[in-house]
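Rule-based calculations on the coordinates, nothing more; no lab input. Keep in mind the model is a prediction, meaning the values are calculated, not measured. No Cβ is skipped: glycine too gets one built from the backbone with ideal geometry, and neighbour counts run over all protein chains shown.
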Amino acid sequence: SRREGFSTVPNVKWEDVGGLDFLRQEFERDILRPIKFPEDYAEFGVDMETGFLLYGPPGCGKTLIAKAVANEAGANFIHIKGPELLNKYVGESELAVRTLFTRARTCSPCILFFDEVDALTTKRGKEGGWVVERLLNQLLIELDGAGQRSGVFVIGATNRPEVMDPALLRPGRFGKLLYVPLPSSEERGLILKALGRKKPIDASVDLSAIGQMQSCENLSGADLAALMNEAAKAALEEKLISKGSKTDDTPWTIKTIHFERALTKIS
Ligand code: ATP
């Protein structure tokens, strides 16, 4: 859904995320528990980090896991794209930032997700100039006012953490840096399984083995999603063109041959 800046509880579950177990544990401890047991945290006077920065190569599940966190926490999710916030009229970006945080507080518990957050936060004095500077200052003010007690958690995502203004990476802001790597060969199999969860994949298909194939090396989660889609497309085409001519009643499924064909197409 492209309802920019509006809140919904996303429909992504942990099962839709392949691999990334480390991140899942991190967010269970840092976001899910504080949302579930606020009185216990208050009783023991424990403050948890409420700002996170997911960084790493594109298409490896940063957006996906942020949505899964919101879903599993039963929290609202507000998706903001950094560049879109910046492309407002002078003065309006700051108002937009303020409005976003107000909205997040009124629908707490809430996850505010800043995609391409580096666009907002390029080191001061470099590209962008004073518009970025004012926007950044507003963002810092709002981040310092968010937090556990207001039920607002902030997750940023970037492919370029090195260009981020260091002021943003302090505790209480995007204070916890979490790397989201390209999947390993084993994780590629797990991602394919997550992606195929609701598809008619033939029982003979070994998704772990496909994930370990040479031709899958260096594929991201997004590449694997494209692969899965191509394989499904090939199988569907076969079904549609030979509908009626099949004599047995075995169901149409996605087979290894479809994945092989899809792989040649992807690479
Ligand atoms: P970008 O930096 O380009 O915004 P991203 O890291 O946020 O990328 P996502 O948008 O989460 O990447 O991933 C894009 C798509 O790729 C997802 O919608 C999903 O279909 C697939 N995908 C990526 N990573 C995974 C994963 N770990 N498990 C399952 N699917 C994945």
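3J(HN,Hα) along segment 192-201: 4, 5, 4, 5, x, 3, 10, 10, x, 8 Hz, from the Karplus curve 6.51 cos²θ - 1.76 cosθ + 1.60 with θ = phi - 60°, whole Hz, x for Gly and Pro.
Placing a label point 7 Å from the Cα of SER267 along the Cα-to-Cβ direction, the residues of segment 199-218 whose backbone N falls under 20 Å of that point are 205-218. Counting Lys and Arg as +1 and Asp and Glu as -1 over every other residue whose Cβ lies under 13 Å from the Cβ of PRO171, the net charge comes to -1. For the chain, modelled as a GNM whose springs connect Cα atoms under 10 angstrom apart, the maximal fluctuation among GLU43, GLU15, GLU237 occurs at GLU43. Pick from ASN218, ASN159, ASN76 the residue whose mean-square fluctuation is largest in a GNM of the chain, springs joining Cα atoms under 10 Å. Among ASN218, ASN159, ASN76, the largest mean-square fluctuation in the Gaussian network model of the chain belongs to ASN218. May I ask you to derive the FRET efficiency for ASP47 and GLN212 from their Cβ-Cβ distance with R0 = 35 Å, giving the value to the nearest 0.05? Result of the calculation: an efficiency of 0.20. GNM remark for the chain: springs join alpha carbons under 10 Å apart, and the peak mean-square fluctuation among PHE22, PHE52, PHE153 falls on PHE22. The mean sequence separation of alpha-carbon pairs under 8 Å and at least six residues apart, normalised by the residue count of segment 124-267, gives a relative contact order of 20 percent. Normalised by the number of residues in the chain, the average gap of Cα pairs under 8 Å and 6 or more apart makes the relative contact order 23 percent.
Here ASP144 and ASP21 are evaluated by their C-beta separation; at R0 = 41 Å the FRET efficiency comes out at 0.80. Axis of helix 62-73 versus longest Cα principal axis of the chain: the two differ by about 80°, to the nearest ten degrees.
Taking the Cβ of VAL152 as the center, what net charge do the other residues with Cβ under 12 Å away carry, scoring Lys and Arg +1 and Asp and Glu -1? The answer is +1.
The share of Cα pairs per 5 Å bin across segment 223-267, counted from zero up to the longest distance, runs 5, 23, 29, 19, 13, 7, 3, 0 percent. Summarised as an ellipsoid, the chain has semi-axes of 40, 21, 17 Å, derived from the eigenvalues of the Cα gyration tensor scaled by 5 and square-rooted, with the largest first. Label-to-label distance, GLU237 versus ARG98, with points set 7 angstrom from Cα along the beta-carbon direction: 5.5 nm. Exceedance of the 30 Å cut-off in Cα-Cα distance is limited, within the set LYS176/LYS199; LYS62/LYS239; LYS239/LYS265, to LYS176/LYS199; LYS62/LYS239. Extension gain, LYS13-LYS193: 0.36 nm per intervening residue step, less the Cα-Cα distance, totals 63.4 nm. Rounded to the nearest 10 degrees, the inclination of helix 256-266 to the longest alpha-carbon principal axis of the chain is 50 degrees.
Hey, what angle do you get for helix 130-145 against the long axis of the chain, alpha-carbon based, 0 to 90 degrees rounded to 10? The two axes meet at around 90 degrees.
Three semi-axes describe the equivalent ellipsoid of segment 74-233; taken as square roots of 5 times the Cα gyration tensor eigenvalues and ordered largest first, they are 37, 18, 14 Å. Beta bridges assigned by DSSP with both partners in the chain are antiparallel in approximately 15 percent of cases.
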